[in-house]
1. So, of the residues in the stretch 66-97 that are out of contact with any helix residue (DSSP H, G or I) (no Cβ under 7 Å at 6 or more places or on another chain) and part of a loop (DSSP other than H, G, I, E, B), which turns out to be surrounded by the fewest Cβ atoms within 10 Å (Cβ to Cβ)?
2. Does at least one position in the stretch 17-24 carry a residue that is more than 17 Å from L80 (Cβ to Cβ), of a type outside the set (D, E, K, R) and assigned to a loop (DSSP other than H, G, I, E, B)?
3. Return the total of residues in the stretch 44-65 being acidic (D, E) and buried (at least 24 other Cβ atoms within 10 Å of the Cβ).
4. Quick one: which residue in L80, L76, L67, L48 is within 14 Å of L102 (Cα to Cα) and at pLDDT 95 or above?
5. Residue by residue through the stretch 98-114, note down the ones that are in contact with a helix residue (DSSP H, G or I) (Cβ under 6 Å, 6 or more places away or on another chain) and part of a helix (DSSP H, G or I).
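The values are calculated or read from the model by the stated rules, or taken from the named source; none is laboratory data. Owing to the predicted nature of the structure, the values given are computational and were not obtained by experimental measurement. All Cβ positions, glycine included, derive from the backbone under ideal geometry; neighbour counts span all protein chains shown.
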Amino acid sequence: MAKVLVVDDATTVRMYHRAILEAAGFAVVEAANGYEGLEKALSTAFDLILVDVNMPKMDGYSLVRALREQPSTASLPAILISTEAEASDARQGYAAGANLYLVKPVRPDDLTLNARMLTARAVP
């Protein structure tokens with residue numbers, strides 16, 4: 001079972017993404033901010049990280065950049081999720097090292113399909 005780390009400062013958003021991913025067969029761990037997410041990502045092996053862009057303390061771009069600098073997480077697939085829908089926001093996400101940039105609200109089937117694609121899990 002693939003393990004996903006969901007990092008978002010909004011409890012309801014974390015619960016929403018957890019419900020979608022668990023229904024699709026993923027194990028989910030949550031973090032409430034970028035620092036907590038970085039700590040968990042460096043101490044536990046994950047198959048995918050789902051990161052909100054706009055968070056206090058450490059935003060999603062900074063978290064992804066920090067993950068790319070560490071040998072143990074440099075190739076960890078990362079999806080940035082944000083309410084920011086401009087092309088420049090997505091470019092900034094990709095420049096930080098994200099594999100994918102999605103705009104909230106993410107449809108459950110889109111999240112599931114992309115999570116399976118990035119973790120090389122077959123779509124049933």
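1. For the stretch 66-97, the residue satisfying everything is P71.
2. yes
3. Residues in the stretch 44-65 being acidic (D, E) and buried (at least 24 other Cβ atoms within 10 Å of the Cβ): 1 in total.
4. Exactly one of L80, L76, L67, L48 is within 14 Å of L102 (Cα to Cα) and at pLDDT 95 or above, namely L80.
5. P108, L111
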